[in-house]
Every structure is written in structure tokens, then in C-alpha cells.
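Data first, discussion second: the structure below is written as C-alpha cells.
Coordinate-derived values only; no laboratory data. No experiment lies behind these values; they were computed from the predicted model shown. Because the Cβ atoms are built from the backbone with ideal geometry, glycine has one as well, and the counts that use them run over all protein chains shown.
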Amino acid sequence: MLKLLKYLSKKDRLYAFLCLLLVAGQVWFDLTMPDFMSDITRLIVTPGSAMKDVWIAGGKMLACAFSSAALSVIVGWFAARIASDYSYTVREAVFSKVTDFGMEEMKRFSTPSLITRTTNDITQIQMVVAFGLQMIIKAPIMAVWAILKIVGKNWQLSLVTAGAVVAILALIIAVMATVIPKFKIVQRQIDDVNRVTRENLTGLRIIRAFNAEQYQEEKFETHNEALMKTMLFTSRRMALQMPFISMIMSGISLAIYWLGAALIEQIGIATPMALAERVELFSEIVVFSSYAMYVVMSFMTLVMVFMMYPRAQVSATRINEVLHTDPSILEGEGAEGDECGTVEFDHVSFRYKDAAEDCLKNISFRADSGETIAFIGSTGSGKTTLVSLAARLYDATEGTVKIDGKDIKEYSFSELYNKVGYIAQKAFLFSGSVQENMTFGETEKGITEEDWRAALDIAQAEDFVNAMPAGAESDIAQGGKNLSGGQKQRLSIARTIARHPEILIFDDSFSALDYATDAALRKRLATDLTGTTCLIVAQRIGTVRNADKIVVLDEGQIVGIGTHTELLRECGVYREIALSQLSESELEVS
């Protein structure tokens, strides 16, 4: 958790120092009150004491109480300010780090876990910071100061207080030893509950279509019950502390007064000096009892902090895992390509982390400026992985991927993504208007209204956008939930075209389109984007047949490159795929 302290701003560190000073003042006022109580006790039992003196001592005691309360309020304000600023800074750092992650890191942490780390885990730390600045600072100062006040006054009473402190420490150590390991499990189980809940919400249509509500409820119940049992275990163990500490506090008061009474009884009342000694000892016992309560209360406060700290420590470890993970995709220093709109794979192989073998093997091909290269193959043949390397979502294990004649790793991210436009396999739109989605992201040239209007027309999306209640100002739900699959794909394609990239990568981006819309869109791409290089992943023969080159993949290897006619004649894999979709006459086989 100490590693995260670097995210405290200079202003917050100044506030924390002020908290330290104010807490010290608060403790001084708290520990001064028993001295006035001793004076009041002495004045009451001493014959001939003036009532005025009692009022003066009581007034000073009241002033200390009000001063302590005022300082407590000020410390609380500073603590809340520091905790909120701190959590804001850490949350921003985690979010910024996650946006730099590649696909490898996202798979390693998983989306539900990252959501939990960005919300619940940071909240745990925020609570400890807010509570800790008030209590973690105050409790040790008060305990040490109170112990110094009573040390040397009476060894018998000091021994009773020491015994109570040892008992409290033993209790804390015993509880923490059993609870801390469970807190690590709790955070993982929260991730599981978050994951299942997210699956239920995102897959609601599928669940209902398959009548799987009962199955999903049982699945959620399993994870929810596991979390409940772990939380019950930790809560019950932590709850054991308060009754025992209350018993120790009551016991120490009883022991001090019982022992004090015995000590007073030993003095006797035979002489005026003995009587004065009894009065002095009685006032000392009253003060000692107050200081002993302060000592025990200090440890009691630390127990409350210890109840929160283990879970916060686990949360801090999880946050540090994110913050100290280096992205696998590193930005280049910047490069100017020697060509324009070319893509080249030079003996490229790729293996996913922890995989047994390469999923792409010795891939080599070249796409010149303005060419359309299509990729086709059976499911799992490596098509999406291949174009992901061209978009640099992953880095090749072996070989070189070149954009405009330069190694893709040499480009800065801004340079690379000004050249490359990527339309993902699963269309995703952000909440906001159609226009906001069309102008999403940054480009070197900027995106004008003319640009995105033209892109909507090319992507065959203009008609349904104009038919919406507010046209381009119409709202889109998060993820495009209020649109059909085909509408989402067309808007995703238009959003990318509006950026005017040199290279367009379509990762099976026509799958939700009907054949007529598919054909019309591809025709517009060919006529309106003549200088743009297109890499198209598709399953339909109709989508790829007019490409300049078709790359056929099978089990991660290229088994054929050529035109539609050439591959029908020379590549058995391509011919098999083609005949599974169209008849001989439709394929125009000579």
C-alpha cells in the first residue's frame, strides 16, 4: 500500500502534515482533561475548598472538550478531502494504464477483474485513508502519551494496564492471522460475482431464447454463496474483537478501582496526613482510570483500523499489479514510411502466450497501395489473428509486419493509427449521438461534417440514420443496443472511413449485412476509395470473389494466394469452401 502513496499530490501531503499537527493538538486537549478532573476531585473532597475554584477547573475542562471537538471536525474535513483526491488520482492512473494495455494484458486480468480493481478496490483504500488520517495518527500518539502520563505513578496500577494491552494485542494477532488470507479470497470472489452478473446482463437475449434462467440463477447462486460464506467467516471473526475488548475495558476499570480501594484501605485515617494521602491517592486513581481508558481506547481504535486495513492491503496489491504491468505492445519512436498504403508480411509467425504451438506459421504476402486483399478459411484458421497483427493489436512472434515499407514496431501509435483503420469483428458503438460516434477519436487531419456524412453514404447507413427521430443527433445506447446488428456494422464501417486511413482492415465486418447491402457497400468502396488498401476477412465467397488477391488460410498456414478464378482451379481448400456456398454455375466455373 505504501507504493501507492506516490499518488498523493503536494497539496494533499501538506494537508496530511496539518492533520498530524491538528491530531497532536486534539490528543493534548483530550489528555489534559483528566488533570482538571483530578483537580476537581481534590477540591470536592478537601474541606474548605471554594466553589469558584471548582467552576474554574470545570470551565477549563469544558474548553478542552470543545477545542478537541473543533479540531476533530477540521481533521475530518482534511481527511475526506485527501481521501477523495487520492482515490481520484489512483483511479485515473489505473484507467490510463488499462487504456495502454494490449489484448494480452486484457486477457490476463479480464474485464470483470479490472472493473472491480477500478471501483471496489480503490474504494477500500479510500476508506482506509479517510479513517486512517483521523485514527491511525491519533491512536498511537494518544496511547504513547497516555502511557507516559501514568508511568511511574503507581506500579500496581501500571501492571494492570499493561496486562490489558497485552491481552488486546494477543486478540488482534490471533484474529488477523485467520482473517487476512480470507480477504484475498474475497476480492477474487467479488470478481467472479461481477463476471457472472456481467454475463447475465450482456447475454440476456440468449438466456431467454434458450430458457436458461434457472441455470444462470444457479450459476450466480454458486458464486454468490461462496462470497457470502467467506464474508461471514471474516465478519464473525472480526466481530469477536469488540465484545472481548469491551470486556477488557470493563475489567480494567473494575481492577483499577478494586486495587485502588485496597491501596487506600492500607493507608488508614488515623492522622490528618494519612487522610490527605488518601485523598491524593483517590484523585490519582480517578486520573489513572481515565488514562488507562485512553490507552485501551487507542488500541480499540487501532483494532477498527486493522479491520479495514487487511482488505485494503489486498486491494492495494491488486491495484499495484495493474499499475506495474508493462504493456506488451510498446510504442515506437516514430517513422516516415517510404511507400504509401502498402502492407507486407515477411515470414511472420505468431503464438499466443502460454499456447503449445504457433497459430500462424510462416505467413508472407504483400498488399500494394489501392489493392483489396481478402482472407478466407475455415473457423480457427487464423484470419482474425492475422489482421490483428496488421493493426498491431499483437506483435508477431517471428518475422516482420511492414506498413508503408517500415516495420510496424517503429511507428508511434498516433502515426500508425492515422494510417490504419480497423473495423472489429464485433461492432461496438459508444453511448451518445450518431454524430459523436462518427467523430470519435483523434486524427491528424480532423473529421469534418462533410467527411462523416460522405462516410455514412458509402457505408449504406445514410438512409436509416436520416429515418431516425433526430437524424444524426439521435441517441445511441451503450454498445449500440438500440440498433440492429447490420446497422451497428454499417455505422462502425462509416466511423472508420470518415478518418480517411490509407489502409482499411475489415475483420469479418460484413457478416450482419444482407447480400444486397454487402454488394452495394463493396461497390462504393471500390469506386469511392480507389487509393485505399483494403484487407478483408470474410466467410462469404460473394464478399471476397472480386478482390485483387485472395489469401486462403488453413490451420494457420497459407495454402493459396490468387484471384477467385485461379484459386477455384488450383486450391482445393478454396474450392471446397466455395462449393459449400454456391453451385458450379453460380461460381462460373469454366
Gain in span if fully extended, Asp548 to Ser585, counting 0.36 nm per residue against the direct Cα distance | 11.1 nm
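Just the ratio, please: alpha-carbon radius of gyration of the chain over 2.2 N^0.38 Å, N its number of residues. Each step should come with its number before you reach the end.
Details: Rg = 36.5 Å, N = 590, 2.2 N^0.38 = 24.9 Å.
Computed over Cα atoms of the chain, the ratio equals 1.47.
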How long is region 87-204 along each principal axis, judged by its Cα atoms, biggest number first, in Å?
-> 70, 29, 25
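Once you've got the Cα coordinates, tell me which of Lys353/Lys383; Lys426/Lys481; Lys445/Lys481; Lys488/Lys523; Lys11/Lys138; Lys419/Lys523 are over 24 Å apart. Please list the in-between numbers first.
Working: Lys353/Lys383 18 Å; Lys426/Lys481 13 Å; Lys445/Lys481 31 Å; Lys488/Lys523 20 Å; Lys11/Lys138 21 Å; Lys419/Lys523 22 Å.
Where the Cα-Cα span goes over 24 Å, the pairs concerned are Lys445/Lys481.
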Aspartates and glutamates whose Cα lies under 19 Å from that of Lys107, excluding same-chain neighbours fewer than 8 positions away | Asp191, Asp192, Glu199, Glu321, Asp326, Asp354, Glu357, Asp358, Asp395
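Counting each DSSP H run of 4 or more residues in the chain as -39500 (n - 2.57), what helix-only mean residue ellipticity at 222 nm follows after dividing by all residues, to the nearest 500 deg cm²/dmol?
Numbers: 22 runs with 372 residues, N = 590.
Estimated from H runs of four or more residues: -21000 deg cm²/dmol.
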Kindly write out, for region 69-76 in residue order, the coupling ³J(HN,Hα) from the Karplus curve 6.51 cos²θ - 1.76 cosθ + 1.60 (θ = phi - 60°), rounded to whole Hz, with x marking Gly and Pro.
-> 5, 5, 5, 4, 5, 5, 4, x
In the structure shown, do any of Lys402/Lys549; Lys97/Lys219; Lys97/Lys409 have a Cα-Cα gap over 23 Å, and if so which?
-> Lys97/Lys219
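Quickly rank 381-393, 498-510 as a protection proxy: mean count of other C-beta atoms within 10 Å, highest first. Numbers along the way, then the final one.
Details: 381-393: 21.5, 498-510: 23.2.
Output ranking for 381-393, 498-510: 498-510, 381-393.
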To the nearest 0.05, the calculated FRET efficiency linking Ser412 and Asn120 through their beta-carbon distance, R0 being 35 Å, is 0.50
Heads up, region 152-247 by the C-alpha gyration tensor (a ≥ b ≥ c square roots of eigenvalues; a/c under 1.5 rounded, else a/b over b/c prolate, else oblate) looks prolate
What percent do you get for the relative contact order of the chain when only Cα pairs under 8 Å and 6+ apart count?
-> 14 percent
Scan around Ser509 for amide H atoms under 5 Å from its own, H built in the peptide plane at 1.01 Å from N, and keep only partners 5 or more places away or cross-chain.
-> Val537
Phi-derived 3J(HN,Hα) across region 323-329 with the Karplus relation (6.51, -1.76, 1.60, θ = phi - 60°), rounded Hz, x for Gly and Pro, is 5, 9, 8, 7, x, 6, 9
Taking H placed 1.01 Å from N in the peptide plane, check which residues at least 5 places from Lys406 or on another chain put their amide H under 5 Å from its amide H.
-> Asp338
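Does region 444-590 come out rounded, prolate or oblate by the C-alpha gyration tensor, with a ≥ b ≥ c the root eigenvalues, rounded set by a/c under 1.5 and, if not, prolate when a/b is larger than b/c and oblate if not?
Cα axes put region 444-590 in the prolate bin.
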Region 439-584: relative contact order in percent, alpha carbon pairs under 8 Å with at least 6 residues between = 18 percent
Sequence-distant residues sharing a close amide H with Ser433 (under 5 Å, placed H) = Ile476
Which distance in Å, rounded to a whole number, links the C-alpha centroids of region 514-590 and region 302-342?
-> 42 Å
Just subtract the alpha-carbon distance of Thr202 and Phe440 from 0.36 nm times their residue separation and send over the number in nm, one decimal.
-> 83.3 nm
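State the three equivalent ellipsoid semi-axes of region 325-415, derived from the C-alpha gyration tensor as the square roots of 5 times its eigenvalues, in descending order and whole Å. Walk me through the numbers before you get to the answer.
Working: eigenvalues 91, 68, 21 Å².
Result for region 325-415: semi-axes of 21, 18, 10 Å.
If you average the sequence gap of Cα pairs under 8 Å that are 6 or more apart and divide by the length of region 163-249, what percent do you get for the contact order?
Working: 35 pairs, mean separation 45.9, N = 87.
This gives 53 percent for region 163-249.
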Phi-based couplings in Hz for region 239-251 (Karplus 6.51, -1.76, 1.60; Gly and Pro marked x) = 5, 5, 5, 4, x, 5, 5, 4, 5, 5, 4, 5, x
Of all DSSP beta bridges located in the chain, what percent are antiparallel, nearest 5?
-> 50 percent
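Just order 129-139, 464-474, 449-459 by mean Cβ neighbour count inside 10 Å, highest at the front, would you?
Numbers: 129-139: 21.7, 464-474: 13.5, 449-459: 18.7.
Per-residue Cβ counts within 10 Å, averaged per peptide and sorted highest first, yield 129-139, 449-459, 464-474.
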